[in-house]
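Engineer: Dropping a structure here in structure tokens format, bear with me for questions.
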Amino acid sequence: MTPTALRWIFNLWPPFVTSGIHVTRMSPDWLHARVELRMRPWNRNYVGVHYGGSLFSMTDPFWMILLKECLGRDYIVWDRAADIEFTKPGRGTVSATFDVDDAVLDTIREATAGGDKYLHWFATNVIDADGDVVARVRKQVYVRRKRDRSPVAGQSAVDSPSASTGSGTSQ
């Protein structure tokens, strides 16, 4: 699937449409995405600001998808954990951007070359039209090179229970 096709699918996907979530950009190389959440009468909470679930939903799938596409078919990529901190009431249109760094990809490839799992934390700020942070979202992504792929440069392809669990942050 191409990034453009996936963007169109997301923008027609009922959970995103009804929540007011709109994917405005997915780069052809899968290294960047931008998402907006537009305020609508049906996505406000009890006190009239953005519903927290929608703020989280707008960020939910993107790190995993971008990473999976950047790494390719030789890797298993899953969301593992997440947290969100609400810092300011969200009003109007808010946005979030996701930028995959080449250094992070290199780190992940190196850490998983022998078949070990790797856990990486990504951080994303949801910002309002004034540039103020509305929410801080962190997602932990699990990555492992598939068992049926040959190991990289003489590394063992065994996925042991004591596999490394490196961590880091991006953004």
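Read-outs throughout are calculated quantities, based only on the coordinates presented, and are distinct from any laboratory measurement. Computed from a predicted structure; not experimentally measured. Every residue, glycine among them, receives a Cβ derived from its backbone with ideal geometry; neighbour counts consider all protein chains shown.
Engineer: Find the residue count for region 107-135, including only residues that are without any contact (Cβ under 8 Å) to a residue 24 or more places away in the chain and either of a type in the set (Lys, Arg) or farther than 17 Å from Val77 by Cβ (or both). Walk me through how you get there before you give the answer.
Structural biologist: Filtering region 107-135 down to residues without any contact (Cβ under 8 Å) to a residue 24 or more places away in the chain leaves 110, 130-131.
Remaining after also requiring either of a type in the set (Lys, Arg) or farther than 17 Å from Val77 by Cβ (or both): 130-131.
Of the residues in region 107-135, 2 are without any contact (Cβ under 8 Å) to a residue 24 or more places away in the chain and either of a type in the set (Lys, Arg) or farther than 17 Å from Val77 by Cβ (or both).
Engineer: Give just the number: which of (1) among the basic types (Lys, Arg); (2) without any contact (Cβ under 8 Å) to a residue 12 or more places away in the chain; (3) surrounded by fewer than 17 Cβ atoms within 10 Å (Cβ to Cβ) does Arg25 not satisfy?
Structural biologist: (2) is the only condition that Arg25 fails.
Engineer: I've got another one for you. Please return the ranges of strands (runs of 3 or more DSSP E) entirely within region 75-155 where 2 or more residues are closer than 23 Å to Tyr46 by Cβ and among the acidic types (Asp, Glu).
Structural biologist: Numbers: elements: 75-86, 94-99, 117-127, 133-145.
Those strands (runs of 3 or more DSSP E) span 75-86.
Engineer: Pick from Val35, Val23, Val77: which is within 14 Å of Ile127 (Cα to Cα) and under 18 Å from the mean Cα position of the chain (by Cα)?
Structural biologist: Val35
Residues are listed down the side, and each one gets a yes or a no for (1) assigned to a loop (DSSP other than H, G, I, E, B); (2) among the small types (Gly, Ala, Ser):
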| residue | (1), (2) |
| --- | --- |
| Met1 | yes, no |
| Trp30 | yes, no |
| Ala33 | no, yes |
| Glu36 | no, no |
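Engineer: Please work out if Val47 is part of a strand (DSSP E or B) and more than 18 Å from Asn125 (Cα to Cα). Before you say what the answer is, go through the steps one by one.
Structural biologist: Values: part of a strand (DSSP E or B): no; more than 18 Å from Asn125 (Cα to Cα): yes.
In short, no.
Engineer: Among residues belonging to region 81-102 that are within 11 Å of the chain's Cα centre (by Cα) and not small (Gly, Ala, Ser), point out the one that is nearest to Glu69 (Cα to Cα).
Structural biologist: The qualifying residue nearest to Glu69 (Cα to Cα) is Val100.
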